[in-house]
Structure formats: structure tokens, C-alpha cells
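Please read the structure below before turning to the comments.
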Amino acid sequence: MSVLNVKVAEVEQVTEVVKHFTLVQENGEPLPRFSGGSHVVVSMDINGRIHRNPYSLMGSTANTDSYHISVRKQENSRGGSVYMHEQVKPGSTLQITYPTNLFAISKLGRRHILIAGGIGITPFMSQISDLNRLGYDYELHYAYRSPEHAAFREQLQEMCGDRVHFYVDSEDERLDIPDLLSHQPLGTHVYICGPVPMVKALHLHAKNLGWPDNHVHSEEFTAPPSGDEFTVELALSGMEVTVPGDMSMLEAMEEAGAEPPFLCRGGACGRCELEVVSCDGVIMHNDHYLSDHEKAEGRSIMPCVSRAKCSKLVVNL
Amino acid sequence: MNMAKNLAFKQETFRDDYTYSNSAEAIRRFPFPFAEDEYMYSVNIEQHNGGAPGSVFEHAIDVDEHYVAECADRALVLEDDPLRYIALPHMMDAQWDMVELVMDSLSTDYPEQFKLTKDGDNWHWINKPLGIDQKFVFGDESTLPMQPFEFVGRQVQGDWIILDQRDDDLFADMGIVTSQADWSMAFDAGMSFKEWHGPVPQANELGIFDRALKYLLHLQYGSPVRRLNWTMTVNPRLDTSPENYPLWGPDNVSVTPENVGDKVHLRVELQALFRLPRSNAIAFSVRGYLASVNELATYPRWAKRLRRVLTNLHPDLSEYKGLDFYRQMVIDHLAPMDDGTELELGTHPE
């Protein structure tokens, strides 16, 4: 996998819990171009252990002298977001992957409804720069907790004009998703990034209203949940790896020297899918990639976010 | 030896009198695809991030002694049939991605032949072999004499199909296709990955397309990949399109034991896949290399290997690739050169 060495040029405290990082390439060259909705995976060396977190690119797609990511400090963080907030300063160096897009605008869509909850606003900021450039019909609906959490509000007003609508929870402003969806013409695509209940609600309402699945787009990155320690046997390479409770299965395999494939590391893309040979317990599926049916079958696992409650899991790797 | 600096472009034809031939150096670097005595369809994908100096894998886009003649043949095909170039309206970002990919690659890898100067969005492109000198504004199609993708598509060898990614699938929504092995861009335009692979025998049963599609959907910018595919063609003809079947189809029955070595060509496709940055589309390039059986047989190792692969070929694949008319004649022609000695694994000529 190709990686980019970047340096932090600027850190901006956007709200109490959100920091905005400006990244430039260490060699001074412009960064690669990307499409709206892309993300990069940032590698962090935290006390000798490599953490890798995906973050959406939020800057303009037309100017890649720098990349922009925003990180919300997570209360129950395994360390990644806290490290970004507390350790990463202007001048710090980081390694990132080339951009990947799992949340692209459908170019054949006639109209695009973007719905953001809280920090879920980030992928839309690069999407909007593409939508504006291409002259597509769109609306942005952005819900957040309280006026103190209004990250990027002014910038969005500037970018979107009257296409943006804000909903401030503490002021009893609510986004009525069924109402919004029921007034859209055929050919509309809807995109959502936000808290899990909000994403689930959108999918449910869209289904009830008869929206085709491929017109409903969501991006959710899950941080790998912790759990019990278990052992993974890699059937093809003959390795045996212990997965500690506070580490993901993917991280444990990497630390043991295996080279499993990966891309988003948030359970969204499916690249790290491994075939399960056997499991003497239960697989705890945490990804958004496998269908409920596939999860029940238990023949695959996404080691970036999923783990097992068992003594031994055997996979084909 | 630096190939790029010493590139001498041949004047030759891929139709009518068929003056096409390979120099000794071109035969040496031919991407012979058979590492073993048996061939079976497989995905066989590897990273396309450079290869041995002088090999066809060295650069992202290979330019060889046939460059000028191939571009001229492409122009002839487009003149007869403009539908060999198709770009659906939502692919404009991908058109500019292609301008960047082609001009950046060629000017970096072949600085003696191609020169690109950028001043912000003001670009200046010089293609010495084709005598093109064009200033334009990147992103403004009115500053080019034709659509951006057609402009660069006429200046590269091989066919290019650009795939839009949506609904977890890939759609052939743009292409410049003038040297195809019996498939049609006009027919496949807008089709999904599985639709245009529908006719390939054996592979669907093997689940190859499910795995290949999943792999491609995750292809990353900055990490292009490649694979080789192959077929055989009678006469060194680039344009073996279904549209022109009446022109080349009858050649299949013109092969005789006397002319088989010169008439029958191994056609190897170097297929490379690049993620494009602005459009998130995938560029699929299919670069064909042609060498006659006699040219290949200048290396005894290749003569033996080719005979064995053709002898062992699955009948379904032989039929799909259209080899049934002359396969046995090629095998018989090469038989005296095969003493049966075991060949080590690998595609190298010597």
C-alpha cells in the first residue's frame, strides 16, 4: 500500500472537542488529488504500538497543497483521537495512506440530499466542493448538539449559501427525516454520515418510503471495540496470534508480523474480510459490510473491527 | 542501454500489406505470458509499480518502436468509425484525470520524446514523435481541439476503457477502443462488470469475477495493478473488432502449414488498472503486443513452451479465443523444435 509522509502545518481548536489538522507533504510537493467523500488512514505510533484511524478529507478537491482532517476527541477512545488531540502539534510528522473513496457522489444522481450529524459533517465538506464545481443540485442538512458544537458553520454558509440547513438540538430544532425524504423527486440520492441511530433511522425511513437501496448512501467508521482476549490461528501461514482485549484482531495480527489486507479499518469497505475455518465460540461482528445473513452464517470476519468470544478462531490467512 | 533515448519508430502497417514486424530487441522484450506448460484462466494480478529496465513493465505506459505506426492505425479506425471513441457526459472529471495520467507518465518516463510544462492550470504539451505542440488550460475543454480524453487517447498505444464506480459495481462509461480482440466498445458502453464478462467460459464457475470485482472496487490511487491476457491473431492486425469481422474473419481459414509460422501471431495483452483521483473512476488499459510464431521461435525455450501450452489448452478456451482453425497447425509447425526437455518455470526467453 502506498503511503504519504506528512507534516502537521496547523492545528485549530474548532470546538471544545474537535480539532482541525492541516497536513502538508514532508517533501514539499502537493498532495495527490482526490474525489469528494474520500478518507485517509492515519498511522500513529503510540508507545510503540501502531494505531491506524480513518479520517475524512474535508478540504477543497481543487487545491491539494494541503489536506484537512478533523478529529473529535472520543470519550471512550482507545487512544487514537486522544493522541491526535494531545500529542500531535504543528511540526509533528505522521504517515497517511493515499485517499480512498467509499462515500462518493453518484454521478448519475439528479439531486443529492446530504445529512450530517455532528462530526459526520467532515466527508461532506469535500463532497460540497465537488458538487459546487460540477453544478449539481444538492441540499445539506446538518444537525448538531448545541451552538458550541457548531463546527464549520460559517464556512458551510459561505460554501453552500441557501442550500444548507442547520438543526440545533439544544434549541429544539429537529431534522424530520421522513418529511425530508417524502418530498424528494425520483432520481434523488441521499447521503448520511453521523451517529449510528441517525444512520439506522435514515435507512429505515428510506426503505419504508420505497427508496431504492442504491440511492441511499452512508458512511460509518467504527472504532474497534475492546473485548475478551482470544487466540487466532492463521491456517495458511501456520501462525498463532493472541488478541489482547484492548487490541483489534487486525492490529494483533500485524504486530505478530502477518500482513493481512486492509483499507478503511472501520468495518466499512470489506477489504480485510477473512474466511473463517472454525470458531469454538461466537464471532462478535461489528462491521457494516456483511449482511445480517452473512453474519449469522459466520463464514467470514472483518478483523479490523470484529473479534470473537472464544478460545480459538481459525481463519484462512 | 537506455531504450527511451534510442527509440526509433518504425513505419509499418497493421492492415492491407501488413508490413508490421518486430526488431530483435522488440522480440526480446516481448511479454511472453506462459511460465508453465499448461495454461488456465486466472486473475493473476500483480502490482504495476515498475519493472526491469527495458521491459514492457518498466513504465506505467509503455512506448515502443511501434508507437507512431499504432497511433496512425488508430487514427484510421476512428476516421472510419467514430463510435470507437465514447465518453458519457458524467465522465468529464475522468477525461481530465486521463490527460494528467498520460501526460505526466509519458513526459516523466520518456523525456526525449514528450515534454510537459505546467504553470498552474496552463499546460504546454509537446509530443515530438507525433509532431504535436499544444498549449491548453487544464479543466477547460474549449482550449483543446477535441475532447480531452480523445486528445490523449490518440497519443497512446493500446485501448483504454474507463470504468465509473457506483452501486458497488463498475460501468464501462468511456473508452477509446481501436485494437480490440473481438469485442465492441459501442456494444459494451454502459455495461456493468459482470455483463461485459458474461461470455468468458469457465471463469464464472470458478467465482473469479466476484473476487476480481471486489478487488477492483478497492483499487487504490497510487497503487496500480496489471495482469497479462493472451489470444492469437492471423496477420498482425490491431483492429480485430466485431464491427469489421468481414474484413478479418476470413483470414482464419487462410492459414496453411507453409505460412503458419509467419501468419499466426501471439497477441499478448498487458492489462493495467489505475485508480483515477478526481473522478474515482478506474482506467483499464489493454495494450496489445503482437509477435509471429516464427519471431517467438527465435528463442527455443519459447518455441517449446508455446507448443506445449497449445497442446494442453482446454477445448473451451481454444474455441473462445478462436484458435480452432489453426491451433493444430501451430503445434505441428513447432513440433520439430521441441525435444521434450523439461523447461524451468518462468517466462524468460533464454
For B:Lys128, which lysines qualify as cross-link partners when the Cα separation must be under 23 Å and same-chain residues fewer than eight apart are set aside?
-> B:Lys5, B:Lys10, B:Lys115, B:Lys118
The correct pair for the protein assembly as shown, radius of gyration to one decimal and Dmax as a whole number, both in Å and from Cα atoms, is 27.3, 89
Hand me the trypsin sites (Lys or Arg not before Pro) from segment B:92-192 located in a DSSP loop with no more than 10 other Cβ atoms within 10 Å, in residue order please.
-> none
Please build a GNM for chain A, connecting alpha carbons under 10 Å apart, and tell me which residue among A:Ser278, A:Ser38, A:Ser291 fluctuates the most.
-> A:Ser291
How large is the Kirkwood hydrodynamic radius of segment A:23-129, in angstrom, based on all distinct alpha carbon pairs?
-> 14.9 Å
Could you work out the relative contact order of chain B, using alpha carbon pairs under 8 angstrom and six or more residues apart, expressed as a whole percent?
-> 21 percent
Percent of all Cα-Cα pairs per 10 Å bin for segment A:111-218, counting from 0 up to the last occupied bin, reads 14, 50, 32, 4
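In percent, how large is the relative contact order of chain A, given Cα pairs closer than 8 Å and 6 or more residues apart? Before the final figure, lay out the partial values.
Details: 686 pairs, mean separation 46.9, N = 317.
The value is 15 percent.
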Cα-based Lys pair tally, chain A, threshold under 24 Å, eight or more apart or on separate chains | 12
Cysteines in the protein assembly as shown that, by Cβ-Cβ distance, have no pairing candidate under 4.7 Å = A:Cys160, A:Cys193, A:Cys272, A:Cys279, A:Cys304, A:Cys310, B:Cys71
Give a quick list of GluC sites (Glu not before Pro) in segment B:257-325 that DSSP marks as loop, anything other than H, G, I, E or B, with at most 11 other Cβ atoms within 10 Å.
-> B:Glu258
Let me know the shape class of chain A, please: from the alpha-carbon gyration tensor, a ≥ b ≥ c as square roots of the eigenvalues, rounded when a/c is under 1.5, otherwise prolate if a/b is greater than b/c, or oblate.
-> oblate
Dividing the alpha-carbon Rg of chain B by 2.2 N^0.38 Å yields what?
-> 0.98
Expressed as a fraction of 2.2 N^0.38 Å, the rule-of-thumb size for a compact globular protein of N residues, what is the C-alpha radius of gyration of segment A:230-315?
-> 0.96
Dipole moment magnitude, nearest 20 debye, segment A:217-317 about Cα centre, only Lys, Arg, Asp, Glu C-beta charged | 120 debye
Amide H partners (placed H, <5 Å) of B:Ile132, local residues excluded | B:Asn127
For segment A:102-171, what is the Kirkwood estimate of the hydrodynamic radius, computed as the reciprocal of the mean inverse distance between distinct Cα atoms, to one decimal in Å?
-> 12.5 Å
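Report the relative contact order of segment A:3-100, percent, no decimals, based on alpha-carbon pairs under 8 angstrom and at least 6 residues apart.
On the way: 198 pairs, mean separation 38.1, N = 98.
Here the relative contact order equals 39 percent.
Each reported figure results from applying straightforward, stated rules to the coordinates on display, with no laboratory input. Keep in mind the model is a prediction, meaning the values are calculated, not measured. Methodologically, a virtual Cβ is constructed for each residue, glycine included, from the backbone with ideal geometry; neighbour enumeration extends over all protein chains shown.
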